[in-house]
Amino acid sequence: MGNKGAIGLIDSGVGGLTVLKEALRQLPNEALVYLGDTARCPYGPRPAEQVVQFTMEMADFLMKQQIKLLVIACNTATAVALDIIREKLPIPVVGVILPGSRAAVKTTKTRRIGVIGTQGTIKSHSYRQAILSKTADTEIFGLACPKFVPLVESNETRSPIAKKVVAETLQPMRRNKVDTLILGCTHYPLLRPLIQSYMGDKVTLIDSGAETVGEVSVLLDYFNIANPDPTAKGKCRFYTTGSTKLFDDIAKEWLGFSLHSEHIELGIGG
Ligand code: DGL
């Protein structure tokens, strides 16, 4: 492992690529290895115990790839599995909920914060607890958006249907008059233009995943495990439990370069 080991990123599908994109920008000399459990996506509607089990399977797979730090680049998995995985693994494990909460607290002026995420994330109240633990006099409005992840996983992020779904889903959130909206699912930054346009320019969107990379950077230094060679160009490897073609197409569009993911099997399916 050592300082040359890779940073691992896991998600239920392509959502964690929003975190990986930011890692490429902020930590260009680090090697990255990504695993998306596309075959079992979405995690949002699944029971917490199942999400914990699937997340553990992903973490085990990446541990065999000699990773030096793990990012749970999925809010749903972070909400229920972060503490458990942290306890089990001998390496630092980072989730996406605390960094997103901190950024929202820093940003809001009206102390009215919205959180959109999967059913699992919203039901867990993880963002609410994280925000209120820092600033009690804040109003937090949570909204589950179960139709968003299927749109992203089918590469439907710009179609008229996507626009309609975003508008219909976010209607109740717009009425809450928040000034800050947390994209509490790593898939949602792929719908960012539609979300921003519907919510209006006065609402600041917080990308939890992107905020997380700042924290990863701090932890690499804290644990003295950053790649010390600033001229190194970190390599990326990609694995998916689903269709490599669809994964590669979405990844190419989002990251701006071609890649070839490898198919792997985890567990016995779900
Ligand atoms: N990208 C994930 C998240 O941040 C999960 C989406 C899902 O599988 O439902 O919550």
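The values are calculated or read from the model by the stated rules, or taken from the named source; none is laboratory data. Remember, it's a predicted structure, so these values are computed and weren't measured experimentally. Counting neighbours? That spans all protein chains shown, and the Cβs are built from the backbone with ideal geometry, glycine included. Remember, those area values only see protein heavy atoms, side chains included, never the ligands or the DNA or RNA. Shrake-Rupley method; radii C 1.70, N 1.55, O 1.52, S 1.80 Å.
Observations, loosely collected:
- Within segment 23-49, restricting attention to residues that are of a type outside the set (K, R), touching a Phe, Trp or Tyr at 6+ places or on another chain (Cβ under 8 Å) and within 16 Å of the ligand (Cβ to nearest atom), the residue that is nearest to E215 (Cα to Cα) is Y34.
- If you go through segment 118-132 and keep only what is small (G, A, S) and either open to solvent by 40 Å² or more (accessible area, probe 1.4 Å) or within 12 Å of the ligand (Cβ to nearest atom) (or both), you end up with G120, S124, S126.
- None of T18, T38, T55 is open to solvent by 30 Å² or more (accessible area, probe 1.4 Å) and among the β-branched types (V, I, T) except T38.
- Residues satisfying the stated conditions in segment 218-257, i.e. without any contact (Cβ under 8 Å) to a residue 40 or more places away in the chain and either under 25 Å from R158 (Cα atoms) or of a type outside the set (A, V, I, L, M) (or both): D221, Y222, T244, K245, D248, K252, G256, F257
- Set side by side, the residues I116, I122 differ, and just one is touching a Cys at 6+ places or on another chain (Cβ under 7 Å), under 30 Å from I250 (Cα atoms) and either β-branched (V, I, T) or modelled with pLDDT of 95 or more (or both), which is I116.
- Test: M1 is modelled with pLDDT under 95, away from the ligand (no atom under 14 Å from the Cβ) and of a type in the set (A, V, I, L, M): yes
- Residue that is nearest to E22 (Cα to Cα) [pool: residues in segment 171-198 that are away from the ligand (no atom under 16 Å from the Cβ) and open to solvent by less than 20 Å² (accessible area, probe 1.4 Å)]: T180
- Inclusion of V213 among residues that are modelled with pLDDT of 95 or more, among the β-branched types (V, I, T), crowded, with 21+ Cβ neighbours inside 10 Å and part of a helix (DSSP H, G or I) is warranted.
- Number of residues in segment 235-251 that are open to solvent by 20 Å² or more (accessible area, probe 1.4 Å) and part of a loop (DSSP other than H, G, I, E, B) equals 2.
- Residue count for segment 133-161 under the criterion of being within 16 Å of the ligand (Cβ to nearest atom) and of a type in the set (A, V, I, L, M, F, W, C): the result is 7.
- Here A162 meets the list (1) open to solvent by 20 Å² or more (accessible area, probe 1.4 Å); (2) part of a helix (DSSP H, G or I); (3) in contact (Cβ under 8 Å) with a residue 12 or more places away in the chain almost entirely, failing just condition (1).
- Residue that is nearest to C74 (Cα to Cα), among those in segment 142-155 that are out of contact with any Leu (no Cβ under 9 Å at 6 or more places or on another chain) and either open to solvent by less than 30 Å² (accessible area, probe 1.4 Å) or not in a helix (DSSP H, G or I) (or both): V149
- Count of residues meeting criterion [within 15 Å of the ligand (Cβ to nearest atom), in a helix (DSSP H, G or I) and closer than 22 Å to L24 by Cα] in segment 59-116: 6
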